[in-house]
Structures are given as structure tokens and as C-alpha cells.
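K.L.:
Below is a structure I'd like to ask you about.
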Amino acid sequence: MFEVQVHSSKHLNLLYDDVERHYHVIINFTVAMAKNYVCSACHKSSRRDITHDCYQTCSDCMAIPPCTLFDVRFPCDECNRYFRSRTCFANHKQITAKRRSVCERKRFWVTCGLLLTTKIYDCNNVFYANCKLNRDVGHLSYMSPLKGLLPVIVRIL
């Protein structure tokens, strides 16, 4: 990845084709890299934008560039998190391209001290990958049963 430091709000992503000796314009960077999420600041991929850890984005509100840190932190009662400034607090309430705000997608669970991206969570339960359910600790996790009927096998003679 080649990047030139220019003081402009507009960017142009190009892909060079060695065979045709031609530049192609990349309209959607995420699709071009075949990833779920690509950070527009550092160009690294991640499964989701909320879980991406980037030094060029604000860890609280996900804004680019990072918000400035003041002595006073601003609390949010909905997600139980604290923010760097009033602007940072307002940024985390704005609806993003994912149709939900950062406040709705990222919250701090006070009882167990975890920062999670789920709206429904019980700190006393554990998520088991085999049965794909939140169950009490010590649950014997087996494969989940098939939903509905078994598929019908058709034999062609």
C-alpha cells in the first residue's frame, strides 16, 4: 500500500495492474480487499469495526482522527462508558453506516467488568460454541439438535 501525505479531505484509492500497466479506481475498499471491515485510517482489516484496535481512531467513539483527551470524562448511562469530551460523547450517539450508533453496539457490563458488543448478556452465563447458547457454568455442551425434519434423500435410478 502506497500512501502520500496530502492535507486534503478527499482520497483516491488506486489498484495497479502489472499485466495491463493500468490503474483501476477502487470504489469500495472493503470489497476490493474481500474483508468484512477495513479501517479507513490504517487500512487494516478486522472482523467488525467495533472490535478493531487502531491508533488513528478514537477508542471510545470510533472517530477519525482520535478525540482529544481532557481531564473530565463524560459518562453515558445507556452503555456505561466514559468519553473524552462532549464531542466524543456526541460522536458515539450518532448513527453510523451500520444503522446503529456506537452506543448501541458497544457497552460496558458493570457486574463482570467486560466490554462487549452484544446488547443481551448475562455475566453468570458462558457462551458455548457447540450448542451456540449462553448457559450456566458447567453446562454439558453438546451439538444442538437439527431444526425441523431431516433432509429427504432422492435416489435417481
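The values are calculated or read from the model by the stated rules, or taken from the named source; none is laboratory data. Small disclaimer: the values here were computed from a predicted structure and weren't measured. Virtual Cβ from ideal backbone geometry, glycine too; neighbours counted across all protein chains shown.
K.L.:
Answer with yes or no whether residue 66 is touching a Lys or Arg at 6+ places or on another chain (Cβ under 9 Å), surrounded by fewer than 19 Cβ atoms within 10 Å (Cβ to Cβ) and either among the β-branched types (Val, Ile, Thr) or under 23 Å from residue 44 (Cα atoms) (or both).
P.N.:
Working: touching a Lys or Arg at 6+ places or on another chain (Cβ under 9 Å): yes; surrounded by fewer than 19 Cβ atoms within 10 Å (Cβ to Cβ): yes; either among the β-branched types (Val, Ile, Thr) or under 23 Å from residue 44 (Cα atoms) (or both): yes.
When the stated conditions are applied, residue 66 passes them.
K.L.:
OK, next. Within the stretch 1-27, which residues are charged (D, E, K, R), modelled with pLDDT of 85 or more and in a loop (DSSP other than H, G, I, E, B)? Even if it seems obvious, please write down each step before you answer.
P.N.:
The initial filter retains those residues of the stretch 1-27 that are charged (D, E, K, R), namely 3, 10, 17-18, 20-21.
Still in the running and modelled with pLDDT of 85 or more: 17-18, 20-21.
Answer for the stretch 1-27, where residues must be charged (D, E, K, R), modelled with pLDDT of 85 or more and in a loop (DSSP other than H, G, I, E, B): 18, 20, 21.
K.L.:
A further question on this structure: Name the residue that is surrounded by the most Cβ atoms within 10 Å (Cβ to Cβ), counting only residues in the stretch 74-119 that are touching a His at 6+ places or on another chain (Cβ under 9 Å) and in a loop (DSSP other than H, G, I, E, B). Quick ask: steps written out before the conclusion?
P.N.:
Going residue by residue through the stretch 74-119, those that are touching a His at 6+ places or on another chain (Cβ under 9 Å) are 76, 79, 81, 83, 101-103, 106.
With the extra rule that they be in a loop (DSSP other than H, G, I, E, B), the set shrinks to 79, 106.
Details: 79: 21, 106: 23.
So, considering only residues that are touching a His at 6+ places or on another chain (Cβ under 9 Å) and in a loop (DSSP other than H, G, I, E, B), the one surrounded by the most Cβ atoms within 10 Å (Cβ to Cβ) is 106.
K.L.:
Another one. Given the structure, is residue 67 more than 19 Å from residue 13 (Cβ to Cβ) and free of Cβ contacts under 8 Å to residues at least 40 places away in the same chain?
P.N.:
Values: more than 19 Å from residue 13 (Cβ to Cβ): yes; free of Cβ contacts under 8 Å to residues at least 40 places away in the same chain: yes.
Taking the combined requirement at face value, the residue satisfies it.
K.L.:
Another question, then. Could you pull out the residue among 23, 37 that is over 19 Å from residue 106 (Cα atoms) and in contact with a strand residue (DSSP E or B) (Cβ under 6 Å, 6 or more places away or on another chain)?
P.N.:
Values: 37 fails: over 19 Å from residue 106 (Cα atoms).
Just one listed residue meets the conditions, 23.
K.L.:
Are any of the residues in the stretch 42-56 over 30 Å from residue 124 (Cβ atoms), touching a Leu at 6+ places or on another chain (Cβ under 9 Å), assigned to a loop (DSSP other than H, G, I, E, B) and not basic (Lys, Arg)? Steps first, answer last, please.
P.N.:
Filtering the stretch 42-56 for residues over 30 Å from residue 124 (Cβ atoms) gives 42-45, 54-56.
Among the residues that remain, those that are also touching a Leu at 6+ places or on another chain (Cβ under 9 Å) are: none.
So far as the stretch 42-56 goes, no, none of its residues is over 30 Å from residue 124 (Cβ atoms), touching a Leu at 6+ places or on another chain (Cβ under 9 Å), assigned to a loop (DSSP other than H, G, I, E, B) and not basic (Lys, Arg).
K.L.:
Here's a check for you: in the stretch 1-49, which residue that is of a type in the set (S, T, N, Q) and loosely packed, with under 10 Cβ neighbours inside 10 Å is nearest to residue 59 (Cα to Cα)? Write out each step before concluding.
P.N.:
As a first pass, look at the stretch 1-49 and keep what is of a type in the set (S, T, N, Q): 5, 8-9, 13, 28, 30, 36, 40, 45-46.
Those left that are additionally loosely packed, with under 10 Cβ neighbours inside 10 Å: 5, 8-9, 28.
Details: 5: 23, 8: 24, 9: 21, 28: 24 Å.
Here the answer is 9.
K.L.:
Give just the number: which of (1) part of a loop (DSSP other than H, G, I, E, B); (2) under 23 Å from the mean Cα position of the chain (by Cα); (3) without any contact (Cβ under 8 Å) to a residue 40 or more places away in the chain does residue 31 not satisfy?
P.N.:
Failed condition: (1).
K.L.:
Just to be sure, is residue 152 at pLDDT below 75 and among the β-branched types (Val, Ile, Thr)? Talk me through it step by step, then tell me what you get.
P.N.:
Numbers: at pLDDT below 75: yes; among the β-branched types (Val, Ile, Thr): yes.
Judged against the criteria, residue 152 is a match.
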